[in-house]
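Novice: Handing you a structure now.
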Amino acid sequence: MKLLKNLVAVMSVFSVAGATAAQNEPAPIAVAVTVDTSKPGPQIDRHIFGQFIEHLGRVVYDGIWVGEKSAIPNILGYRKDVVDALKKLHIPVIRWPGGCFADQYDWRDGIGPRAMRPQRINVLWGNVPEDNSFGTHEFLNFAELIGADAYVSGNMGSMTPHHMAEWLEYMTYSQKSSLTDERRRNGRDKPWQVRYFGVGNEVWGCGGDMRAEYAADVTRRYSLYLNAAPGQEMIKVASGPGANAAGYEAFTEVMMRNAGLFVGNAFQALSLHYYTFLTAPDENVATIVKDQPPPAQISAVGFSRTDWSSVLHGAMGMDQVINTMSAIMDRYDPKKSVALFIDEWGDAPAYKSEAGAILPDHQNNLLDAEVAALTLNIFQRHSDRVKMANITLMINAGQSMILTNKEKMLLTPTYHVFDMYQAFQDATPFPVAVSGPHYADDSGFSLPAVDIAAARGVDGKLYLALVNLDPSRSADVSTNLVGAAHGKVLSGPSMDTHNTFDAPQTIHPVPFAGTNIGGGNVAFILPAKSVAVVAIE
Ligand code: AHR
C-alpha cells in the first residue's frame, strides 16, 4: 500500500513535468533511511561547489571569453549567456589559469593593452596559439562579475618567487608603487581580493617533477615570499598529491611533516587531485597509475551497464582517498587547521575525447550527473576537513557545466546537479544511515544502490540529496523524517541521456515530491538512475 502510494505520487509528478518514467521497470528496492538531526556536523563549506578553468581547448576562449567585438552577445567580452547561467549557480570560487598551464604561465604576458600582449604557444594543450587576451584583469573581473572568490594558481614550476610576489603586489596592493601604478594604467584602480593562492600545481608532475621532500622545501621557500597586501586574508594552498598514483600517502605525509602547520607553516590548505577512471570491480582506485598504458575510455554517448558501474565505482573511490589523507593530516594537525582542497576532480579521464585530440572534450550525460552528486555527497560527509573542491572543468572540457557552440549554449546534467545542490551551500550536515540492498551487475560490481546526504540549509530547511545508482530499478525510500517533502529530480530514459544544441532541454530537473506513510514519515519512490534534492518542511 505504502509502495503503491509512493508510486502514484512519483508517476504523477513525472507525467506532469513531461519526463520519462520507465514503464516496465522491475519492482523497486526497499531502502530505509535514518537521519540523526541530534548530531550536527561541521558546516559544509560552500567552496566545495567550486569551479576550475584552464587555458585548455575552448574552456576560456569561446567558453567564457569572446571579446568585446564578438557577434555573440557579451558583457565586456564575456559571453552573456554563460555569465547569466553561472550567476544562477552562485559559484563560490573559481580556480585559474590551470592546471598544468599555470606551471608555465607568465602573468606579465596577460596584462596591458590586448593588442600588445605577446603571442605564445600553449605547449601543454595542443601547441595552439595563446594570444593572452584573457589574463589577470580578465580573470579577476570575471570572478567579480559572477560573484565568485578568486583562486589564482601560481607557477612554482618555472617562475621565480620574486616574479610571483610581484604578481601578488600587482593584484592586491592599494599603496602606490610601480606595480600598482601599472595596474592603474591598465584600467584597475582598486586592488582585487585574491582569497586563495596556489603555491604550485601538481609539483610531482607538470609543476616541477619534484620528489616529496624537495617539493616541501620549495613550497616553504616560495610561500615565504607570497603574501597578499596586509589586511587581505589570503589562504595559501600547497600542491598536494595526485591520488591516481601509488605513493599519495607518502607525499601527504612529507608535506604535512616538512612544510605543515608546525614546521614552516607554508600553507593553510593542502590540495588533492583525484580523478575518476574506469575501474575493475576489485580495483583499488588509488593505485591506478595515470601514466601507464592508456586507461580504457568510453564514449560519452552509447556505453554499457558495466561501464556505468565501473565509472561510479571509480567515483566512490574519492571517499577512500579522503579517509586516508585525513588520517595522515590528523596526525600532524589534530585540530584540523589545515584544510583539504580537492582542487581538481571529475570523471574526464573515463571518456574518449570526441575531438579525437588530447583534449578532454566530450558530451556530458546522466552518468556524469551521478558522479557529480555522489562526489558532492562524499565531500559533505567530510566537511570537517574538506573545505574546497573545484570540478574539472567548468566549460567545454572535462565534466562541464556548460557547453558552447558558436552562439549556442547548453546546460549539462552536471550543471543541473550543481544547481539542485545549492541548498547545501554552507549547510549543516547530519549523519545518515542507509539500509538497503546493493546494486550488482553481471560483471561483478556491487555498489550501494542509494546514496543519501542530509543537511540543514541556511534557510532553516532540512534537505536530502538522494542518488539512485541502479540504472534499472527505482527505490522505495522510507525515512524517519516527518513533514512535507518537495524538490526536484533529474533522470532520463537512458544512462547516457544528455542535452544537445538542437535539443537542449532533453534532460533537466523536474518537480519531485514525497508522500507520508505511517506516522507521517516521509517516503519517496526514487526513479532508477536519478539524482534528487528535496526540502522537508
Ligand atoms: O585540467 C586538466 C589537467 O589535469 C590539469 O592541467 C592538471 O593539473 C591535471 O592533471
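The values are calculated or read from the model by the stated rules, or taken from the named source; none is laboratory data. Given the structure is predicted, the values throughout are model-derived calculations rather than measurements. Cβ atoms come from the backbone with ideal geometry, glycine included; neighbour counts cover every protein chain shown. These area figures cover heavy atoms from the full protein model, side chains too; ligands, DNA and RNA do not enter into them. Shrake-Rupley method; radii C 1.70, N 1.55, O 1.52, S 1.80 Å.
Novice: Check which residues have an amide H placed less than 5 Å from V386's amide H, if you skip close sequence neighbours.
Specialist: L340
Novice: Would you kindly find the accessible area of C206, with a 1.4 Å probe and non-protein molecules such as ligands, DNA and RNA excluded, rounding to the nearest 10 Å²?
Specialist: Roughly 50 Å² of C206 is accessible to a 1.4 Å probe.
Novice: Counting other C-beta atoms within 10 Å, and keeping those with at most 16, which DSSP coil GluC sites (Glu not before Pro) do you find in segment 342-424?
Specialist: Details: sites: E344, E354, E370, E407; in loops: E354, E407.
Here the sparse-neighbourhood loop sites are E354, E407.
Novice: How many angstrom lie between the Cα centre of segment 145-188 and the Cα centre of segment 470-507?
Specialist: The distance from the Cα centre of segment 145-188 to that of segment 470-507 comes to 44 Å.
Novice: Using θ = phi - 60° and the Karplus relation 6.51 cos²θ - 1.76 cosθ + 1.60, list the HN-Hα couplings for segment 188-197 in order, rounded to whole Hz, with x at every Gly or Pro.
Specialist: So the Karplus estimates, Gly and Pro as x, are 10, 7, 5, x, 8, 9, 9, 6, 9, 10 Hz.
Novice: Also, quick follow-up: From the convex hull of the Cα coordinates of segment 163-266, what is the mean projected area in square nanometres?
Specialist: Orientation-averaged projected area of the Cα hull: 7.3 nm².
Novice: With a probe of 1.4 Å, find how much accessible area the chain has per residue, and write the answer as a whole number in Å².
Specialist: 37
Novice: Show which aspartates and glutamates lie in cross-link reach of K387 when reach means a straight Cα distance below 17 angstrom and same-chain residues fewer than eight apart are skipped.
Specialist: D45, D149, E233, D319, D330, D333, D343, E344, D426
Novice: Moving to a separate point now. Please sort 332-339, 257-264, 184-191, 147-154 by packing, taking for each peptide the average over its residues of neighbouring beta carbons within 10 angstrom, highest first.
Specialist: Values: 332-339: 14.8, 257-264: 17.9, 184-191: 12.5, 147-154: 23.5.
Descending packing order for the listed peptides: 147-154, 257-264, 332-339, 184-191.
Novice: Does segment 487-537 come out rounded, prolate or oblate, given a ≥ b ≥ c as the square roots of the eigenvalues of its C-alpha gyration tensor, rounded meaning a/c under 1.5 and, failing that, prolate meaning a/b above b/c?
Specialist: prolate
Novice: Related question: Using the scaling law 2.2 N^0.38 Å as the reference, what is the normalised Cα Rg of the chain?
Specialist: 0.96
Novice: Express as a percent, rounded to the nearest 5, the fraction of DSSP beta bridges in the chain (both residues included) that run antiparallel.
Specialist: 60
Novice: Among rounded, prolate and oblate, which fits segment 114-168 when a ≥ b ≥ c are the square roots of the eigenvalues of its C-alpha gyration tensor, a/c under 1.5 means rounded, and a/b larger than b/c means prolate?
Specialist: Note, shape of segment 114-168 comes out oblate.
Novice: When the helices in the chain are scored as -39500 (n - 2.57) per DSSP H run of 4 or longer and the sum is shared across all residues, what 222 nm value do you end up with, to the nearest 500 deg cm²/dmol?
Specialist: My calculation for the chain gives -8000 deg cm²/dmol from helical runs alone.
Novice: Shifting gears a bit: Sort 390-399, 300-309 by packing, meaning the average of other beta carbons within 10 Å per residue, with the highest value first.
Specialist: Highest to lowest by the protection proxy: 390-399, 300-309.
Novice: Now, a different point. Between S443 and I75, what is the spin-label point distance in nm, taking each point 7 Å from the Cα along the Cα→C-beta axis?
Specialist: About 4.4 nm separates the two model spin labels.
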